[in-house]
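Asker: Structure in structure tokens, see below.
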Amino acid sequence: MRSDYCGVLRSADIDRVVTLCGWVDRRRDHGGVIFIDLRDREGIVQVVFDPDAAEHFEMADRVRSEYVLKLTGRIRARAPEAVNPNMVTGEVEVYGTALEILNTAETVPFQLDEHTDVGEDIRLKYRYLDLRRNEMQNNLYFRSKLTTAIRNYLDEHGFLDIETPILTRATPEGARDYLVPSRTHEGKFFALPQSPQLFKQLLMVSGFDRYYQIAKCFRDEDLRADRQPEFTQIDIETSFLDEEEIMAITEGMVRKLFKELKGIELGEFPRMTHYQAMLRYGSDKPDLRIPLEMVEIKDLVSEVEFKVFSGPANDPNGRVAAIKVPGGCSKLTRKQLDDYGKFVGIYGARGLAYIKVNDRSDLEGGLQSPIVKHLPLDVRAAILDRLQAKDGDVIFFGADKAKIVTEALGALRCKLGEDLDLYTCEWAPLWVVAFPMFEENDDGSLTALHHPFTAPSCSPEELQKNPLEALSRAYDMVLNGTELGGGSARIHDQAMQQAVFRILGIEEAEQREKFGFLLDALKYGAPPHGGLAFGLDRLVMLMTGSSSIRDVIAFPKTQSAACVMTDAPGTVDTKQLRELSIRLRQKEEKIS
């Protein structure tokens, strides 16, 4: 039906006769000459119809925005004064000789340009229209090129693309499962996979020593601004490689993707332990583009009478830390300082103390702060020395339980970086390593920090003796404060796996019920293995400069995990529920 795409036409095509198909992006009538900007997935080209085209000119006069057209014409150079440098096809136009209206279109509910200011709910309701916008077309086009490049890289390195089941059974992966009732097994349920974790480990036992899959995963998580109930991950697993070798292969892949698709050479991927990341940046995925760091001052304020500082400083579970903003005095207004105090309150902080260093040499009159009067001169000097403060700097303080201070100052660091544009580079990758095996819940029970199949760096006996001190062989790749992917060496020994299960409170009967197939597989020559899973949606979002993963997914859900276009999730008729042996119970209304 077509001979060429609109957006590929260039000066080299002049005098060629082409047939194009697409949508009317814009129509203009200039003194008896009709200009149509025709759009397809490759871009836009200008088509000109004049009265010499007879009935086709009359038809061109009837077309409106978003009509679907097929047209034929000859490519010619635009007049010098008409060249449009903002269009890749801006040096040429098509002189139309024939036109066919393939379909008409009603007035669309919002403008289909990159500057549309319509709400996201409307965009998602009419997603098939939103996807016509150039920005969205480019994002999905890039996503396709990215997945092709990923497959090519992994194929070149000997990985096999193997599919794993979508209908499986529930396993503890850190979020709730989406359950699927079975009609043929009354009262039983499948679960949609949160990841292919166990199946890819079984593939390693099976001898497929290099596996990958671009896999759909499903997590029924509590609602968050930029999470999706279904998402895509680049799933990788390999045998007979240690974590250093796995990290080298996957780092090489990310480097190649940026070089091939963006023309960007990523710099060094530094290594940082989880402990250092939390201590210095308050996050296990620190954004290293921001030069601010948290500095411990607990020892400096433990003897002061100011209980706001000395209380946490003498609490084994407390923390007192500070962040210095170079030149902050000229950048931060009083209102901003107050707003930052409210901001850290989101993370449980009861306030945000600060000192403005107007004159570093004058410890009595050169420091501006509501708290400075509570700090002896020697303490003031020690704090300024430790933070290497200079005239014009602002110092923020956090003093509370260690978890609150770490989270609050970590979030403040990122907000300051964004608000004050403190970024020192465009891309800052790193590896975060040496994660704790477990974290403690409020009730004293333990949860696996990654997942319960992650290998520890110690023996089963040492693990059971001091589980909270045990480190895992896990690693996360972080880019610009976003976790791109996480992985680990896996447990390949049955005794170690059972030890981890026991520490997590999963006793032998439950182990056999939920993981008997895995424990059995580990008895039959399971090789040392490990892997990593990248979030494809996050990677595309970062590489395209999009603000949300919803802008790089063709048909995403809303923040409430719903599809406003198809009105999903929806109700199911009684007959279908009866076939599944399901009866719905209405929730009782709360009596106020």
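Asker: Any idea which residue in region 223-274 is farthest from residue 426 (Cα to Cα), counting only those that are touching a helix residue (DSSP H, G or I) at 6+ places or on another chain (Cβ under 9 Å) and among the small types (Gly, Ala, Ser)?
Answerer: 239
Asker: For the list (1) crowded, with 18+ Cβ neighbours inside 10 Å; (2) modelled with pLDDT of 95 or more, I need the number of the one condition that residue 219 fails.
Answerer: Of everything listed in (1) crowded, with 18+ Cβ neighbours inside 10 Å; (2) modelled with pLDDT of 95 or more, residue 219 misses just condition (2).
Asker: Okay, next question. Of the numbered conditions (1) more than 18 Å from residue 453 (Cα to Cα); (2) crowded, with 19+ Cβ neighbours inside 10 Å; (3) in contact with a Pro (Cβ under 7 Å, 6 or more places away or on another chain), residue 239 fails exactly one; give the number of that condition.
Answerer: Looking at each condition in turn, residue 239 falls short on (1).
Asker: For region 353-442, give me every one of the strands (runs of 3 or more DSSP E) that falls completely inside it and has 2 or more residues that are closer than 30 Å to residue 252 by Cα, aromatic (Phe, Trp, Tyr) and at pLDDT 95 or above.
Answerer: The strands (runs of 3 or more DSSP E) meeting that bar number zero.
Asker: Output yes when any residue across region 321-332 is within 20 Å of residue 410 (Cβ to Cβ), surrounded by fewer than 13 Cβ atoms within 10 Å (Cβ to Cβ), among the aliphatic types (A, V, I, L, M) and assigned by TED's automatic domain parsing to the domain that holds residue 372, and no when none is.
Answerer: So far as region 321-332 goes, no, none of its residues is within 20 Å of residue 410 (Cβ to Cβ), surrounded by fewer than 13 Cβ atoms within 10 Å (Cβ to Cβ), among the aliphatic types (A, V, I, L, M) and assigned by TED's automatic domain parsing to the domain that holds residue 372.
Asker: Give the residues of region 548-588 that are out of contact with any helix residue (DSSP H, G or I) (no Cβ under 8 Å at 6 or more places or on another chain), under 19 Å from residue 232 (Cα atoms) and exposed (fewer than 14 other Cβ atoms within 10 Å of the Cβ), sorted by residue number.
Answerer: Of everything in region 548-588, just one residue is out of contact with any helix residue (DSSP H, G or I) (no Cβ under 8 Å at 6 or more places or on another chain), under 19 Å from residue 232 (Cα atoms) and exposed (fewer than 14 other Cβ atoms within 10 Å of the Cβ), namely 560.
Asker: Further, regarding this structure: If we only count strands (runs of 3 or more DSSP E) wholly inside region 39-150, which ones have 3 or more residues that are under 36 Å from the mean Cα position of the chain (by Cα)?
Answerer: Result: 43-49.
Asker: Mind listing whichever residues of region 23-35 are at positive phi and in contact with a helix residue (DSSP H, G or I) (Cβ under 7 Å, 6 or more places away or on another chain)?
Answerer: 32
Asker: Another question about this same structure. Within region 9-37, track down each residue that is within 21 Å of residue 140 (Cα to Cα) and without any contact (Cβ under 8 Å) to a residue 40 or more places away in the chain.
Answerer: Within region 9-37, none qualify.
Asker: Here is a further query. When the residues of region 325-346 are filtered to those that are outside any helix (DSSP H, G or I) and touching a Lys or Arg at 6+ places or on another chain (Cβ under 9 Å), which remaining residue is farthest from residue 292 (Cα to Cα)?
Answerer: Among those that are outside any helix (DSSP H, G or I) and touching a Lys or Arg at 6+ places or on another chain (Cβ under 9 Å), it is 332.
Asker: Restricting to region 162-179, and then to whatever is assigned to a strand (DSSP E or B) and surrounded by fewer than 16 Cβ atoms within 10 Å (Cβ to Cβ), can you tell me which residue is modelled with the highest pLDDT?
Answerer: 179
Asker: Suppose we filter region 208-220 for residues that are more than 16 Å from residue 549 (Cα to Cα), free of Cβ contacts under 8 Å to residues at least 60 places away in the same chain and part of a loop (DSSP other than H, G, I, E, B); how many remain?
Answerer: Matching residues across region 208-220 total 1.
The values are calculated or read from the model by the stated rules, or taken from the named source; none is laboratory data. Predicted model only: the values in this text are computed from it and were never measured. Counting neighbours? That spans all protein chains shown, and the Cβs are built from the backbone with ideal geometry, glycine included.
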